[in-house]
Structure formats: structure tokens, C-alpha cells
Amino acid sequence: MTDKILIIDFGSQVTQLIARRVREAGVYSEIVPFNKVDAVLDALAPKGIILSGGPASVYDTDTPRAPERIYTLGIPILGICYGQQSMCARLGGRVSNSDHYEFGRAELEITAECRLFAGVWQTGSKQQVWMSHGDRVDELPPGFKVVATSEGAPFAVSVDEDRRFYGVMFHPEVVHTPDGGALLRNFVIDICTCKGDWTMAAFREEKIKQIKAQVMGGKVICGLSGGVDSSVVAVLLHQAIGDQLTCVFVDHGLLRQGEAEEVVNLFREHYHINLIPTDASTLFLGRLEGVRDPEEKRKIIGQTFIEVFEKQAAAAGGAEFLAQGTLYPDVIESVSFAGGPSVTIKSHHNVGGLPDVMKLSLVEPLRELFKDEVRALGRELGLPEALVGRHPFPGPGLAIRIPGEVTAEKCEILRKADAIYLEEIRSAGLYDQIWQAFAVLLPVRTVGVMGDGRTYDYVCGLRAVTSTDGMTADYYPFEQAFLGRVATRIINQVRGINRVVYDVTSKPPGTIEWE
């Protein structure tokens, strides 16, 4: 049986990173909101628990708390920031607001040894960590001792080695704490005694068994977009149930250049998957005519996609199951705190809603995985690297890269510009260094001079960002010569564009702020 670590979420914006670091140590982890722990604790049977950070103050009323019984299970617990404060307050310590906040890089002084530091930090050394707190622990619970301090946190790291309880005021999960991954590995491998044997090969075999057990002799329908997630789902399902799977590919006319042909050729000819392609571009573009609001465009595309998908699924003879490429971040967002921004944010990426309107049981084989883990699974399944490493492409496609009204003419202009941009990035050997790169057709037309005549054409915006997790991003620092080469090719080879600009702001990868 796979060892598991339970991560109790108190609302930190970087809780997902804790799970990623634990999985990097070869240990399976799950995130559960603090108010739903009781419902899963016994079934999960974790070998250790990590309490996340969070925005609340433990001394306020009705603040998030973990169930009392986690402290009586006899398993190790690591509290991070608010998690440390919550643990200390529950076990008899004291937490208060401090006049000395710590946000950003801080220096930690190691004052004593503990198992968490073994082989990583030595007593008497000073270490860089990342802090993000206003409150702090003022008095430790019985049995705890301090093993590290910082300028703003006299109990920056506190431990009770007998009960294997550990509390840290800093965030080991973020890259700004250079040794954070090693500390978390110490916790899950050495302190929790997890085997560290969670591999993608083992996941693949286990997931195939689960799919067979769930589906039995039933039929499964899958919406195949050609993106990484749906492609991995399709190939995994095909390996598990073969001809019981039917995939539907909807060409909505908003795809990148040559993408429709690539999808059909790869999955029908190479993988021999039962694939039903349908060209619905005229329908989609007709319904988008005159629509300028970006959120309305997304809704129209989503509703139309469902309509076309249902029609094709019925024509295929129906099915008992619907396969989806739901990822673990989607699962976390769906069960996290109410009132958050996830619904608005996710509308930017999805054309979905299928489970709410189709009377089918869901098959979601990727729901335990993060995006980079899905890519690793794709490689394990033998998918070509060109597909596994493909940059993310939100479901609404070119529609959210054409601010304002979407037309067939604009789509064709943008497709050509985007293809040139990506071709140059690949030729320069930069594609795998960039998380996401794409062109945008701005709703601006400028006067230019080409040869002996004037032009009045569109401005093309280029964007490329780097990211490790898709949550935060920074622009890619292209050399000026590269940008000049791309701009020259686009202006010379794409009729309808006479200006090219490069976006050098830092924001989440998929964001199109021009809308």
C-alpha cells in the first residue's frame, strides 16, 4: 500500500506547493480543507500530517482549526506558519500579534539540533528562509523546545521530538527557502518513515487497474482537444479498456495552425483510437459574431461545445461514462474556501460544464496529478515529446487571444502570426525553457508605410512567460535580435499586421490583460 501524507489546508495561497514538494520526495500526498478532515482521515490513514499556512489569526474567534484528534493519532505533524501557530495554540502555547512583521527573505539562526535539520542544517549556522507572517508564537506548549530563531520570531522553529511534532514559522515549500525541499524530505522520509516509492510507472499500473474495475464492460466517451491533459487521458483509457473508448474531437475553428490535422492523424492513425472528428467552426464563429465581451465569448464557446459534443456522443451510440482531464489543482479549488476567485479564473481556461448536464458517470484518472506529473505520465505512456511538452492552450483557444469581436479573417491572421512566433522559438532552442508563448491580435489598427504605400493594419502582441507551477510567471527575456527577427517575419509574411509589440509584464501565464 502506498504511504500517504495528509496536508490540512488553512487557506494559504501556496498550499499546493507543499504537496508538490512531498511528491518530489516520492511520497503521495493529498490536500484536504481543515473542515473536511474528519470525513477522510480514517480512509486515508496518513503516516504524517502537514498543517499549511493561512491568512487568519488563531486568537480571533471562529478561525480555522484542525480536528483535536489529529494530535492523538501518534503520527508526526509539521505545522507551517499559521499551521505552527494553530498547533501551538491548541496544545497549550500562546500566539500574539507582533509589531515586528516578517515578509520575504529572512535569516534563521540554528540554535540546536533536531531531526528535521539532519544532514541539512548545522547548529550555529545561519540560513536563508522565506517568511510571511504578522503573528508569532510567544510561549511554547509543554514538551516543545526552540531550535531556531529569527529577528521577528523568537520561536521560529519549535519541536517536540518525543511526539514528533514540528513547527516552522517560515515556508519550506517555496523556492525562496533554498533548503526547504530537503527539510520536507526529512519530515516525510526520515520522521514519518514513508518509503518514498511513489513513481509514475506505479501510478500508471494502479490507475489502469482502477479504470478497468470502474468501467467493467461499459462504454466511455472522451472529449479530445489535442492538449496534454485530454491526450494523456485518451491514451491511458485506451490502454486500459481498448475499443470501449470513443473520443470526440470538436474543431471549433479557434485552434492553432495545423492542430486539427495533427490530432486526427496521431490518435486515429498512430494510436488507432476510435475518434470522431467534427468540424463545427462555422457554428462557433457564427455564434461569436458581434460579441466583444471576453466572458460572454467564453460562455458561448462552452455552451456550443457541450451542444456539439452531446450530439456527436449520441451519434456514436451513447456511453455510460464520461472521461475528463480533471487535474488535482481543479479538485483542490472545487473544495477550498467559498468566495474565492477560482470560478472566474477557471472560466478563462475551460469550455466545460459537461458533468452538470450529461447523465454520465465520471472517469477522472488524472485527478490526483499536477500538470508536470501529467506530462511525466504522458512520457510513461509513450506519447511523443512534441505533444507532452506542448505549451498550455486554454479551451476557448484563439477567441481569448483576439480581444473584441472574433471573425474568421482575424483567426487566420492570428494563426499565421502565432505559427511564425512558435517556429522561431523552436528554431532558437527556447521552446522548452518557456512555459507558454503565444501571439495576440490586438484591437488596434495603425498606419504604416510598407514599400511605396501606406498600410492600415492590426498590431500583433507577443507574450512568453517562464513558470514552474503555472501559478506565478515572469516574462521571458528574449534577446533583441530574436524579437527583431520574429517581428520582421510576421510583418513580411502575414498580411493584415504592420506592428509587433512584446509584453514584458509579470502575471499568470494564461492571462490576457488586453481584454
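The values are calculated or read from the model by the stated rules, or taken from the named source; none is laboratory data. None of these values were measured; they are calculated from a predicted model. Methodologically, a virtual Cβ is constructed for each residue, glycine included, from the backbone with ideal geometry; neighbour enumeration extends over all protein chains shown. Heavy atoms of the whole protein, side chains included, go into the accessibility calculation; ligands, DNA and RNA do not. Shrake-Rupley method; radii C 1.70, N 1.55, O 1.52, S 1.80 Å.
Computed with a 1.4 Å probe on the full set of protein chains, the accessible area for Tyr502 sits at about 50 Å². Checked against a 18 Å cut-off, the cross-linked pairs Lys4/Lys207; Lys311/Lys359; Lys209/Lys359; Lys145/Lys195; Lys207/Lys359; Lys4/Lys195 give Cα-Cα distances beyond that limit for Lys209/Lys359; Lys145/Lys195; Lys207/Lys359. What the Cβ-Cβ distance of Val291 and His270 gives, at R0 = 51 Å and to the nearest 0.05, is a FRET efficiency of 0.85.
Computed on protein heavy atoms with a 1.4 Å probe, the accessible areas place Asp42, Asp62 in the order Asp62, Asp42, largest first. Report the antiparallel proportion of the DSSP beta bridges in the chain as a percent, rounded to a multiple of 5. Just about 50 percent of them are antiparallel.
Based on alpha carbons, the Rg and Dmax found for the stretch 226-318 are 14.4, 45 Å. Estimated at the nearest 10 Å², the accessible area of Val129 is 0 Å² with a 1.4 Å probe.
Computed on protein heavy atoms with a 1.4 Å probe, the accessible areas place Lys311, Lys207, Lys47 in the order Lys311, Lys47, Lys207, largest first. Straight-line cross-link partners of Lys47 among the aspartates and glutamates, defined as a Cα under 13 Å from its Cα and at least 8 positions apart when in the same chain: Asp3, Glu30, Asp190. Protein heavy-atom accessible surface, 1.4 Å probe, per residue over the stretch 64-189: 40 Å².
Helical content of the chain, expressed as a calculated mean residue ellipticity at 222 nm, amounts to -9500 deg cm²/dmol (DSSP H runs of 4 or more residues, -39,500 (n - 2.57) each, divided by residue number, nearest 500). Gyration tensor analysis over the Cα atoms of the stretch 1-153 returns equivalent ellipsoid semi-axes of 24, 20, 15 Å (largest first, whole Å).
Put a dot 7 Å past each Cα toward the Cβ at Ala43 and Val447; how far apart are the dots in nm? According to this spin-label approximation, the distance is 6.8 nm.
The Stokes-Einstein estimate for the chain, based on a Kirkwood radius over Cα pairs and taken at 4 °C with 1.567 mPa s viscosity, is a diffusion coefficient of 51 µm²/s. When a 1.4 Å probe is rolled over the protein heavy atoms, the share of accessible surface on the stretch 131-285 that falls to carbon and sulfur comes to 50 percent. Only aspartates and glutamates eight or more places from Lys416 in sequence, or on another chain, were considered; those with a Cα closer than 18 Å are Asp251, Glu259, Glu261, Glu262, Glu424, Asp457.
Sorted largest first by accessible area at a 1.4 angstrom probe radius, with every protein chain in place, the residues Trp130, Trp121, Trp198 fall in the order Trp130, Trp198, Trp121.
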